[in-house]
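Student: Just passing along the structure, written as structure tokens.
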Amino acid sequence: MGSNSSRISDLPKNEYLKKLSGTESVSENDPFWNQLLSFSFPAPTSSTELKLLEEATISVCKALVENNPRTGNLGALIKVFLSRTKELKLSAECQNHIFIWQTHNALFIICCLLKVFICEMSDEELQLHFTYEEKSPGSYGSDSEDLLEELLCCLMQLITDIPLLDITYEISVEAISTMVVFLSCQLFHKEILRQSISHKYLMQGPCLPYTSKLVKTLLYNFIRQEKPPPPGAHIYPQQSDGGGLLYGLASGVATGLWTVFTLGGVGSKATVSPELSSPLANQSLLLLLVLANLTDAPDAPNPYRQAIMSFKNTQDSSPFPSSIPHAFQINFNSLYTALCEQQTSDQATLLLYTLLHQNSNVRTYMLARTDMENLVLPILEILYHVEERNSHHVYMALIILLILTEDDGFNRSIHEVILKNITWYSERVLTEISLGSLLILVVIRTIQYNMTRTRDKYLHTNCLAALANMSAQFRSLHQYAAQRIISLFSLLSKKHNKVLEQATQSLRGSLSSNDVPLPDYAQDLNVIEEVIRMMLEIINSCLTNSLHHNPNLVYALLYKRDLFEQFRTHPSFQDIMQNIDLVITFFSSRLLQAGAELSVERVLEIIKQGVVALPKDRLKKFPELKFKYVEEEQPEEFFIPYVWSLVYNSAVGLYWNPQDVQLFTMDSD
């Protein structure tokens, strides 16, 4: 290997790290920096490896926190990095591996140190560490540089301007990770930050002009899903056993710093989940979501959200209104394809929600696509596997469906798309079904799951709202979809009767005992009756608007006609039952006239004939069912903890001690 070997436990004693964090100032021109930055080791990937690294270096970091106000060594390290980045683009073009490798190492150390500094101190203390400027003896002051602002601008330039090559892949990922770390102060506060160091630097000043370029680059990183270079193409050679190989440089040889360094133990390998097959894409998406969900500054709106709300398709030649800042264009076809392919991850689903909800250009484009099944099927699969998903992911998928169903064109077109052999739907073999019928099946299954498990009223409401939006456009419903609509009503009816019986028994018991508090059956009954009312409105909407297109629904109604008897005279349902009762009575009469022992085919034939004969003016008109998704009054209270939980669990090469995190609890999903 060449130089002395080192274990993780040796890092606190390492002479170069001790000098960096010690009590002596090191000039930015000192050869020490070349020696410090000439290390190589297998990059830590799993949280276990990162935890080991953090535990081994925490004493070094804390020593630097204590000594840096006097030495300014952190500032010197940053200046070394800043000076190197000026030549980074040329180094990439010239394939200068060693220069890029050392620059990457400088940024890696800065990122590790910045993470500890942000966790350990307030914004004001942090700024003091980054504005240190050595004063000459006898001077009465000097203009202090804001190195943190310079560092952030430099990182933005690096992310947006450095060409993505095999030798620049790792430093690009590290630059994005460092920006995530800079924004991580939110993790250490229970309350949502509305004014912070993030707002100060990223929403005004020299960083602001990079807004649209940064957002565009992060989106393209997500779209392209560039995988890391193969082992033979790294910025430095690696041994087959995973250990690092030390370089000897003209300025000196680094000895003993992370030279033979296998994190996590011999033979251990990090498990890479599918969505992390491209660390650059994953990290870019997380940074994009963090930026988009920053709260507005007291005196300015969030420019990153503005950029996400307003970008257009590259094929759109219309000029941007002058009132729209940070505008740019991107290839919508590529974006759509990437979104369709990446919906297995929470963060990709959250991005899809964000774009559909906030960017009207994207929403209009997606709703005009003729291959909507490529987008809708992954969303349905998320809902279908509700038991395996966290509640936030399910909510996002459901709200996406609700937003899509606000559009009548979408509601019509999904019934025209015929799917074959949906392998992930296991309750029943579906050899051929429309996308619309499949959507109904999955939403109803989600409602039934919620009724028996989570009992979340918010989830119920959004499921029913999506069905209600679609109901007037139901077309050629699959017989199984029609059966499931009536089966859900049957389940609700049984639940209604059960709660009604419990309420009656409780009331009788209360007459004999005044000491026992009564359960709130009235509230339970009210909730169930609201849901039953909604289901009746959905069935009624279909019958009123598209009866002739749905013989299978009429068949299912007739087969379970007794279910509806108890609701005919119920004061909460009398009005909405009129049309349903009329349809049941009309078709029951025609079946009676046709005689007994009718086959399924014959019944459907009679229904199709009867639809033509039924006078449409006899069906009472009700207001159209239309529900629109409306974000909560303070959406940041939901979205910011959600985004940071994704960063905490999904970020590549970043680890935070659970005991330090205040924004959310670790055992929540």
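The values are calculated or read from the model by the stated rules, or taken from the named source; none is laboratory data. Remember, predicted model here, so these are calculated numbers, not experimental data. Neighbour counts are summed over all protein chains in view; Cβ atoms, including those assigned to glycine, are modelled from backbone coordinates with ideal geometry. Only protein heavy atoms, including side chains, enter the accessible area calculation; ligands, DNA and RNA are left aside. Shrake-Rupley method; radii C 1.70, N 1.55, O 1.52, S 1.80 Å.
Student: Rounded to the nearest Å, what's the spacing between the alpha carbon centres of region 605-669 and region 154-192? Just the number, please.
Tutor: The distance from the Cα centre of region 605-669 to that of region 154-192 comes to 30 Å.
Student: Name the residue farthest towards the positive end of the dipole of region 553-593 from the options 573, 592, 557, assuming +1 on Cβ of Lys and Arg, -1 on Cβ of Asp and Glu, about the Cα centre.
Tutor: Positive-end residue among those listed: 592.
Student: Quick one: which residues, 5+ away or cross-chain, put their amide H under 5 Å from the amide H of residue 422? H built at 1.01 Å from N.
Tutor: 430
Student: If you average the sequence gap of Cα pairs under 8 Å that are 6 or more apart and divide by the length of region 321-464, what percent do you get for the contact order?
Tutor: Computed over region 321-464, the figure is 19 percent.
Student: 5 Å is the cut-off here: which amide hydrogens, built 1.01 Å from N in the peptide plane, fall below it relative to residue 415, excluding neighbours closer than 5 in sequence?
Tutor: Counting only residues 5 or more places away or on other chains, the set is 436.
Student: Continuing with this model, one more query. With labels modelled as points extended 7 Å from the Cα through the Cβ direction, what inter-label distance (nm, one decimal) is found for residue 341 paired with residue 387?
Tutor: So the label points at residue 341 and residue 387 sit 3.1 nm apart.
Student: Which of the pairs 420/608; 494/626; 213/312; 86/200; 190/457 have their Cα atoms more than 19 Å apart in this structure? Don't jump to the answer; show the numbers that get you there.
Tutor: Values: 420/608 26 Å; 494/626 28 Å; 213/312 14 Å; 86/200 25 Å; 190/457 26 Å.
The pairs that break the limit, which is 19 Å between Cα atoms, are 420/608; 494/626; 86/200; 190/457.
Student: Check which residues have an amide H placed less than 5 Å from residue 330's amide H, if you skip close sequence neighbours.
Tutor: Hits under the 5 Å cutoff: 312, 313, 314.
Student: Can you tell me the 0 to 90 degree angle between the C-alpha axis of helix 169-183 and the longest principal axis of the chain, rounded to 10?
Tutor: That works out to roughly 80 degrees.
Student: In whole percent, how big is the carbon plus sulfur part of the accessible area of region 13-106, probe 1.4 Å, protein atoms only?
Tutor: Carbon and sulfur together cover 50 percent of it.
Student: Also, quick follow-up: Among the GluC sites (Glu not before Pro) within region 154-239, which fall in a DSSP loop and have no more than 11 other Cβ atoms within 10 Å of their own Cβ?
Tutor: 191
Student: May I pose another question? Keeping all protein chains in the complex and leaving out DNA, RNA and ligands, what accessible area do you get for residue 476 with a 1.4 Å probe, in Å² to the nearest 10?
Tutor: The accessible area of residue 476 comes to roughly 80 Å².
Student: I would also like to ask the following. Within 11 Å, Cβ to Cβ, of residue 169, how many net charges do the neighbouring residues add up to if Lys/Arg are +1 and Asp/Glu are -1?
Tutor: -3
Student: Please calculate how many Å² of accessible area the chain carries per residue, with a 1.4 Å probe and no DNA, RNA or ligand atoms counted.
Tutor: It amounts to 45 Å² per residue over the chain.
Student: Around residue 460, under 14 Å between beta carbons, what's the net of Lys plus Arg minus Asp minus Glu among the other residues?
Tutor: Net local charge, residue 460 excluded: +2.
Student: Further question: Could you please state, rounded to a whole Å, how far the C-alpha centre of region 69-106 is from the C-alpha centre of region 358-392?
Tutor: Region 69-106 and region 358-392 have Cα centres spaced 42 Å from each other.
Student: Show me 396-409, 152-165, 22-35 ranked by packing, highest mean number of other Cβ atoms within 10 Å first.
Tutor: 396-409, 152-165, 22-35
Student: Kindly report, to the nearest 10 Å², the accessible surface of residue 324 as traced by a 1.4 Å probe over protein heavy atoms only.
Tutor: Only protein atoms counted, so the area is about 60 Å².
Student: Viscosity 0.890 mPa s, temperature 25 °C: what is the translational diffusion coefficient of region 527-633 from Stokes-Einstein with a Kirkwood Rh over Cα pairs, rounded to a whole number of µm²/s? Could the numbers behind the result be given before it?
Tutor: On the way: Rh = 15.0 Å.
Roughly 163 µm²/s, to the nearest whole number.
Student: Could you sort 355-364, 618-627, 109-118 so that the peptide with the highest average Cβ count within 10 Å comes first and the rest follow in order?
Tutor: 109-118, 355-364, 618-627
Student: A further question follows. Hull surface divided by four, with the convex hull built on the Cα atoms of the chain: how many nm²?
Tutor: The number I arrive at for the chain is 39.8 nm².
Student: Tell me, what is the 1.4 Å probe accessible area of residue 495, in Å² to the nearest 10?
Tutor: 70 Å²
Student: Which log10 I(q)/I(0) values does region 583-669 give at q = 0.10, 0.16, 0.22, 0.24 Å⁻¹ under the Debye formula, counting every alpha carbon as one identical point scatterer?
Tutor: Listed by q, the Debye log ratios stand at -0.59, -0.79, -1.07, -1.13.
Student: Residue 291: net charge of surrounding residues, Cβ under 14 Å, Lys/Arg +1, Asp/Glu -1, itself excluded? Each step should come with its number before you reach the end.
Tutor: Numbers: positive: 213, 216, 305; negative: 296, 636.
My count for the surroundings of residue 291 gives +1.
Student: Output the Cα-based Rg and Dmax of region 441-482 in Å, rounding Rg to one decimal and Dmax to a whole number.
Tutor: In order Rg, Dmax, the Cα atoms of region 441-482 give 11.2, 32 Å.
Student: In terms of solvent-accessible area of protein heavy atoms at a 1.4 angstrom probe, what is the ranking of 395, 425, highest value first?
Tutor: Largest to smallest exposure gives the sequence 395, 425.
Student: Let me ask something else. Rounded to the nearest 500, what is the 222 nm mean residue ellipticity of the chain from helices alone, with -39500 (n - 2.57) per DSSP H run of 4+ residues and division by all residues? Show your work: numbers first, answer last.
Tutor: Details: 27 runs with 376 residues, N = 669.
Counting only the DSSP helices, I get -18000 deg cm²/dmol.
Student: I'd like to know how region 364-520 sits against the 2.2 N^0.38 Å rule of thumb: what's its Cα Rg over that expected value?
Tutor: 1.26
Student: How high is the relative contact order of the chain, in percent, counting Cα pairs under 8 Å that sit 6 or more residues apart? Could you put the intermediate results ahead of the total?
Tutor: Working: 873 pairs, mean separation 97.6, N = 669.
So the answer I get is 15 percent.
Student: Using a simple spin-label model with points 7 Å from Cα along the Cα→Cβ vector, what separation in nm is obtained for residue 631 and residue 457?
Tutor: Roughly 2.4 nm, to one decimal.
Student: Give me the Debye-computed log₁₀ of I(q)/I(0) at q = 0.13, 0.16, 0.19 Å⁻¹ for region 393-483, equal point scatterers on Cα only, no solvent, two decimals.
Tutor: Relative scattering, expressed as log10 I(q)/I(0), comes to -0.42, -0.64, -0.91.
Student: While we're looking at this one, here's another question. How about region 35-110: which trypsin sites (Lys or Arg not before Pro) there lie in a loop by DSSP and see at most 14 other Cβ atoms within 10 Å? Kindly include the intermediate steps, with their values, before the conclusion.
Tutor: Working: sites: 51, 62, 70, 79, 84, 86, 89; in loops: 86.
Those satisfying the criteria are 86.
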